[in-house]
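Report on the following structure.
The values are calculated or read from the model by the stated rules, or taken from the named source; none is laboratory data. This is a predicted model, so every value here is computed, not measured. Ideal geometry is used to build each Cβ from the backbone, glycine not excepted, and the neighbour counts take in all protein chains shown. SASA here: full protein model, heavy atoms, side chains in, ligands and nucleic acids out. Shrake-Rupley method; radii C 1.70, N 1.55, O 1.52, S 1.80 Å.
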Amino acid sequence: MFVPHFTLPEELLLLAHDPVEGRIVCRAHSLRLGIAGAVAAELVLAGRVVVRDGKISASGAPALGDSFLDAALAGIAGRRKGHKLQRWVRDTAGVKTSAGRTDEVWRHRLVARGALREERTRALGVIAQRRHRVGPDDRTSAARERVSAVGHGASEDERGRLLAALVGATGLAGNVLSGDELSQPRAEVTASAGRDPIARTVRDLAREREATPARTRGAEPLPEGGPGWNPLSWIFDGDGDGGD
């Protein structure tokens, strides 16, 4: 089951796709960190978790009825004293399930909801490629407008503020607000990442990853979560219901 509205991780992922070319326009590790942060931010907005003093902990409120978000909430609630926010974001970004990495799992959801349209092609007739363009239910334009409103100082919407901060944290501001005439709003969106604890954590982890020497070929770009910690695994590995 899904919540009826489009969530922050979904909107962030939509903005990470070029609407025409259908390709991702930011680094994969930054996007996965951003999605993890967006999950935390969505749970904060829903009153299910609290972020304070560098930790994320469950508020004790009931599940939302959304299999994706409730899986993450269950993982947070499993530790009474909470989790260090930085560790939780890093581990969640590194999750792998039978349906793929964090970004792939959420992308499947967007395709199912009609917000993205998947196209499969072959480059040179041999190399398989997948592109994800805006789907029949265009939610990308509205998300872009909300980020723009924050950048122009014309919005006090908390959801929009968090989305803009995550856009800034993942390096997407230049793509969402492109053009010389938008340099000031773009700078504001980028700076907003430093004013929110979740977005700041995402930004700092992304910078840390970029500063790390390249790993050997085939190595995972992000560390996986510890044993027993996989907040999305039950959705795709046999215990959850990921449908509408």
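Charges were assigned to the Cβ only: +1 to each Lys and Arg, -1 to each Asp and Glu. The resulting dipole of the stretch 22-92 about its Cα centre is roughly 380 debye.
What part of the accessible area of the stretch 80-182, given as a whole %, is carbon or sulfur when the probe is 1.4 angstrom? The partial results should precede the final answer.
On the way: 2400 of 5120 Å².
Ligands and nucleic acids excluded, carbon and sulfur give 47 percent.
Of the whole protein surface, residue 25 contributes about 40 Å² of accessible area at a 1.4 Å probe radius.
Take every Cα pair under 8 Å whose residues are at least 6 apart in sequence, average their separation, divide by the length of the stretch 1-124, and the relative contact order is 26 percent. Evaluating 6.51 cos²θ - 1.76 cosθ + 1.60 at θ = phi - 60° for every residue in the stretch 58-74, the Karplus couplings come out as 6, 8, x, 6, x, 4, 8, x, 10, 4, 5, 5, 5, 5, 5, 4, 4 Hz, glycine and proline recorded as x. Across the stretch 134-148, computed HN-Hα scalar couplings (Karplus, 6.51 cos²θ - 1.76 cosθ + 1.60, θ = phi - 60°) run 4, x, x, 9, 6, 9, 5, 4, 5, 5, 5, 5, 5, 5, 4 Hz from first to last residue, x flagging Gly and Pro.
Once all protein chains are placed together, residue 81 keeps about 150 Å² accessible to a 1.4 angstrom probe.
The order of 68, 2 by accessible area, most exposed first and with a 1.4 Å probe, is 2, 68.
Here is the result for the stretch 125-177: no trypsin sites (Lys or Arg not before Pro) lie in DSSP coil with at most 16 other C-beta atoms within 10 angstrom of their C-beta. With 0.36 nm allotted per residue and the present C-alpha distance subtracted, the residue 129-residue 3 stretch has 42.3 nm of extension available. Note down the nm distance, to one decimal, between modelled labels 7 Å out along Cα→Cβ at residue 191 and at residue 204. About 2.1 nm separates the two model spin labels. Modelled spin labels at residue 74 and residue 25, positioned 7 Å past Cα toward Cβ, are 3.7 nm from each other. Put the Cα centre of the stretch 51-113 next to the Cα centre of the stretch 1-23 and the gap is 17 Å. Heavy atoms of the protein chains alone define the surface here; on that basis the stretch 1-116 has 37 Å² accessible area per residue at 1.4 Å probe size. Annotation: for a label point projected 7 angstrom from Cα along Cα→Cβ of residue 117, residues of the stretch 1-32 with backbone N closer than 16 Å are 18-23. Computed with a 1.4 Å probe on the full set of protein chains, the accessible area for residue 182 sits at about 40 Å². In this simple spin-label model, placing a label point 7 Å from the Cα along the Cα-to-Cβ direction at both residue 180 and residue 98 gives a separation of 5.5 nm.
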